[in-house]
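Okay, structure first, notes after.
The numbers here are math on the coordinates, done by the rules we state, and not lab data. What you see is a predicted model, and the numbers here were worked out from it, not measured in a lab. As a convention, Cβ positions derive from the backbone with ideal geometry for all residues, glycine included, and neighbour counts pool all protein chains shown.
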Amino acid sequence: MTEADWPAVRRIYAEGIATGMATFESAPPAAWTDFIKSKIADCCLVARDAAGTLAAWAVLIPVSSRPVYRGVAEMSLYVSALHRGQRIGDALMAEMIRHSEAQGFWTLQSATFPQNAASLALQQRHGFRLVGIRAKIGRLSHGPLAGQWCDTLLLERRSRLVGQD
């Protein structure tokens, strides 16, 4: 992912936000610098379709600045509305797992709304497991659950290659 990808990344993020089941955020950041500042720069990937159109993106976000957690990151993955159901998310997830392990990450985690069945199925196909429920962790400001306190499911994937010693 580069700054040149930002318009497409922002559009796909806005599509995910509009579902009301992807994030507590109500709008994407206005600028690339605002978006990228909290991400692990070497772990921001995009997927393109056969025509070269940006179809999906995934990023890793550090969970802590403490050195002991340097190999643990939160993952976000968004697929454009036009490309959903075409297994682009599967391909990008597999690539992010390979890439994150090459970068030394031993655990990927996510916070997913229980209503987001497609995201949960994607994660489970790639070895993520449910480790907890964060009950009424935040209130949604938009979408079908606007105004409601919502749970998120905490899922994690432990690498079979990194951190096994």
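Computed FRET efficiency, Cβ-Cβ of Val162 and Asp5, R0 35 Å: what is it to the nearest 0.05? It comes out at approximately 0.80.
Ordering Glu3, Glu156 by the number of other Cβ atoms within 10 Å of each residue's own Cβ, fewest first, gives Glu3, Glu156. Once you have a ≥ b ≥ c as the square roots of the Cα gyration tensor eigenvalues for the range 57-165, tell me rounded if a/c is under 1.5, and otherwise prolate or oblate according to whether a/b is larger than b/c. Since a/c reaches 1.5 but b/c is at least a/b, the shape of the range 57-165 is classed as oblate. At 10 °C and 1.306 mPa s, what whole-number value in µm²/s does Stokes-Einstein give for the translational diffusion of the range 31-83, with Rh from the Kirkwood sum over Cα pairs? So the translational diffusion coefficient is about 128 µm²/s. Remark: the chain carries a charge dipole of roughly 360 debye about the Cα centre, counting +1 on each Lys and Arg Cβ and -1 on each Asp and Glu Cβ. Applying 1/(1 + (r/R0)^6) with R0 = 22 Å to the Cβ-Cβ distance of Leu145 and Asp90 gives a FRET efficiency near 0.25. Counting other Cβ atoms within 10 Å as a rough exposure proxy, the listed residues Thr152, Thr19 run Thr19, Thr152 from fewest neighbours to most.
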